[in-house]
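The values are calculated or read from the model by the stated rules, or taken from the named source; none is laboratory data. Quick caveat: nothing in here was measured; it's all calculated off a predicted structure. All Cβ positions, glycine included, derive from the backbone under ideal geometry; neighbour counts span all protein chains shown. For accessibility, only protein heavy atoms count, side chains too; no ligands or nucleic acids. Shrake-Rupley method; radii C 1.70, N 1.55, O 1.52, S 1.80 Å.
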Amino acid sequence: MRKSLFLSLAASCIVTSLSAAAPQNESNALEERLKTLEQKLVKSDKKVKKLEKKLNAVKAHDAFDNIKFSIDFRNAVESINYKYNNYSYQGTDLSGTESSNDSLLTSRLYLNMKSSPMPKLSFKGQMAVYSTWGGSHLSHDATIKDWSESSKPTDTIFRIRQAYFVWKDRFGEEGLPYAFSVGRRPATDGFLANFRENMDNPGSPLAHVTNMEVNGAMLKLVLNKYLEGSFVKFVYGRAHSGGIETLYDTTGYRPYAQEEGDVDENVDFFVMLGSLYNNGQYNLMFENATIFDTKGARTGLAVAAELPDGSGKNKSLDAGTANLTALSLQVNGIGNEINDFLDNSNAFISFAMTNYDPNSGHQLLGSTDNERGTSYWVGVSVPDMITESGAFGFEFNHGSKYWTPITWAEDTAIGSKIAVRGDAYEAYWNFDLFGVKNLSSQIRYTHVQHDYTPSIRCAGWVTPQKVDIEADNVRFFIRYTY
């Protein structure tokens, strides 16, 4: 458009200057030619505008009518060591023994998907593979769920790690904003865990009590009109489908039917979480999760022994209810513009509690009484003063005897340090390799001191016993994102 106007003005100036020195007939002819040229330019401008309109329509259509892909590819080398100072398992005394692996090599690939067919509706998904170099297929273990294998190094099979849609709207024209979602949700590397994983944005739940993918339905209410930055989420889902028969057998045809009893019932959960206050510097978040028919054992019979009715073993029974609660505070920037170092520092503190309540005739965590476990987690991240955006991080975790969070997705190669029944110390250096943002990297050291039987997969049938186990993990990774 600007070009055509410029040409029109230039032509007008040329013709005007020429007509001043030319005879009248020639001047009239030049004026006619100028008019013809201007008419052609006007027609050309109209065509350009039509093309621009069509192009904008195509761009607007393509902005929604496609799936955008991104990549998260991490390679790590780790050294791990276990030292059993005082530990026995099923009558075998392992005290004084050690186990180690000086070069555990792993690769993890996330293929992220995102689409939005219309402004209020979107879909997000993530395919994942997490494997050990030269490792074998390990999924024959019946305790490994489909949603946990992409969070532990196993094989080279792509799995659905996340897949959910989100509908965003508001109640009424000026009403409360809300979001509704169904699917497998991003429930690992949640709030506070993102620092140690060198990730800019955390997952949805509070990592202190929840670190596993979950299938469920979510309703989010945005409440910042009442309290700055606040929101609340309600999530109901299923962690385990029990007692499903899918084949013909001697008892008849029962596709997806369930038998009554407590051997293998559904395990459902209800979670309420959100931010109580978030002004950009201070973010106070909470979570309460209730697990129905959580796994345990019957009383009066040894754990793992055959049940009298022959229906299974005395473990993984639906034995009671578990409640998990956490309150976490994150501070982005210490103080108020004291200096650049403190402005770019982060600190957090979190307190959490688990309570396992067995049904009559059953036990959870080896007890017929309500057993409460507690944990606290503190950490700080400060600029490394070496690289442009690197940071040093330091964290400490402590858990009591009955502390049992949901940590199927291991946060270290030596198990979950967040679930430690004892103390865990951790230091890490996050930096961009070669100064390239797409190559985020980390060097991390974790030391875990287990004072009681380690909490693995929140197994309610395991009785915490007094132990003395030390575990160490040194990790270096390079992560490519685009």
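All but one of (1) open to solvent by less than 60 Å² (accessible area, probe 1.4 Å); (2) out of contact with any Asp or Glu (no Cβ under 9 Å at 6 or more places or on another chain); (3) of a type in the set (Gly, Ala, Ser) hold for residue 328, so report the exception by its number.
(2)
Go through the stretch 224-268 and count every residue that is modelled with pLDDT under 95 and either part of a loop (DSSP other than H, G, I, E, B) or among the aromatic types (Phe, Trp, Tyr) (or both).
26
Could you say which residue among 279, 288 is under 26 Å from residue 456 (Cβ atoms) and touching a residue at least 24 places away in the same chain (Cβ under 8 Å)?
On the way: 279 fails: under 26 Å from residue 456 (Cβ atoms).
Just a single option satisfies the conditions, and that option is 288.
Just to be sure before I move on: is residue 321 outside any loop (DSSP other than H, G, I, E, B), polar (S, T, N, Q) and closer than 27 Å to residue 90 by Cβ in the structure I sent?
no
Among (1) open to solvent by less than 50 Å² (accessible area, probe 1.4 Å); (2) modelled with pLDDT of 95 or more; (3) not acidic (Asp, Glu), where does residue 408 come up short?
In the conditions (1) open to solvent by less than 50 Å² (accessible area, probe 1.4 Å); (2) modelled with pLDDT of 95 or more; (3) not acidic (Asp, Glu), residue 408 misses (2) alone.
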